[in-house]
Amino acid sequence: MRRRLTHALSAVFEGDAPAPLAVKVPQITVLFWVIKVTSTAMGEALADWLDGGNGLVWPALGAIASLAALIVALRIQFRTRAYQTAAYWFAIAMVATFGTMGADSLHQFLGIPYGYTTAFYAVVLALVFWRWWVNEHTLSIHTIDSRRRERFYWATVLATFALGTATGDWTATDLKLGFFSSGLMFLGVIAIPAIAYRFGANPIFTFWSAYVITRPLGASFADWADYPKSAGGLGFGTWPVWMVLAVVMTTLVAVLARRERDAVTSRPHHAHPHAPHPHLPHPHLPGVAAVETATD
């Protein structure tokens, strides 16, 4: 049963995608984190617009549209054989949107309290991490260079978006902190793994901790901007906020792509042109040792 489900999901999201030839995630820089937070805010605003109509028809159409966009984005991403800036961040944006709608649906349509949905998605994320570790013996993003590891990576990303969405809604509504106060709180919380990393804490743990926190951080400020004033927001509306954030994210991705192209031209002649981690050995190049499982 599990094997059949895996094959079915692979057929939908991957198709006949070829095996990767290089690491398929970007280098982790300050610009990476800025784009990541922007993508979470944009995904939140778009998801709120897609499922914000009265009744069930508009949210149902929005869910279908977001799922279709997610399938297209992941099929594009899986078909790349090495990291490509536009494909990667398009997939992130669509995962952000669909993950938000999935997390919201448990509360919006089933009435499950945010505290319970937060706990549920925390368990889901833990299970994905566990399966990833059991199969690959590493959770390092610097080793996303095989089809199976890429599957685990994107399953983890989707789970982090869902967990972060539920957590942000829980703090803003159930704990009555409000959107702006929640955003400020998560801005402080995300500094914890950053500081811990600087003092030598496990880089894989600190990375994924910060990665989860970016979701409620960006989503809280997006909700603060698009919700009406009567609900504690600024009242700009979901559509305008999404448009502005989409332009901002597109611009940032273009800047990142330009920097990555410049970095490629400045590398030593023997460096692999598609590897976003030139400081790490690449496992698929002749005569080169396998990538170490630990992050730098």
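Just the number, please: Stokes-Einstein D of segment 217-266 in µm²/s, Kirkwood Rh from C-alpha pairs, 10 °C, 1.306 mPa s.
Details: Rh = 12.4 Å.
Estimated via Stokes-Einstein, D reaches 128 µm²/s.
Shown is the FRET efficiency for residue 146 and residue 116, computed with R0 = 35 Å from the Cβ-Cβ distance and rounded to the nearest 0.05: 0.50.
Note on segment 148-217: along the principal axes its Cα atoms extend 39, 30, 13 Å, ordered by decreasing extent.
For segment 73-127, the Kirkwood estimate of hydrodynamic radius, built from reciprocal distances between every pair of different alpha carbons, is 12.9 Å.
Could you list 260, 44 in order of exposure, starting from the residue whose Cβ has the fewest other Cβ atoms within 10 Å? Before the final figure, lay out each step's value.
Details: 260 17, 44 35.
So the residues, fewest neighbours to most, are 260, 44.
Taken along the Cα-to-beta-carbon direction at a fixed 7 Å, the label points for residue 187 and residue 229 span 2.2 nm.
Take the Cα of residue 176, step 7 Å toward its Cβ, do the same at residue 255, and the gap between the two points is 4.0 nm. Amide hydrogen proximity for residue 234: with H placed 1.01 Å from N in the peptide plane, the residues at 5 or more positions away or on another chain lying under 5 Å are 225, 226, 227. Extension gain for residue 68-residue 123 works out to 17.2 nm (0.36 nm per residue, less the C-alpha to C-alpha distance).
Placing pseudo-labels 7 Å out from each Cα toward the beta carbon at residue 135 and residue 109 gives an inter-label distance of 2.7 nm.
As a proxy for reagent exposure, 75, 261 were ordered by neighbouring Cβ count within 10 angstrom, fewest first; the result is 261, 75. Straight-distance candidates among the lysines for linking to residue 24, with alpha-carbon spacing under 24 Å and chain neighbours fewer than 8 residues away dropped: 36.
Please give the peptides 217-225, 138-146 ranked by average Cβ packing (other Cβ atoms within 10 Å per residue), highest first, as a rough proxy for protection.
Numbers: 217-225: 27.3, 138-146: 20.3.
Put in order of decreasing packing, that is 217-225, 138-146.
Only alpha carbons enter this Debye calculation for segment 93-208, each as an equal point scatterer, and the log10 of I(q)/I(0) it gives at q = 0.17, 0.21 Å⁻¹ is -0.96, -1.24.
A short reminder: the numbers here are calculations on the coordinates, not readings from a lab. All figures in this text were calculated on a predicted structure; none of them were measured in a lab. Heads up, the Cβs are rebuilt from the backbone with ideal geometry, glycines too, and the neighbour counts pull from every protein chain shown.
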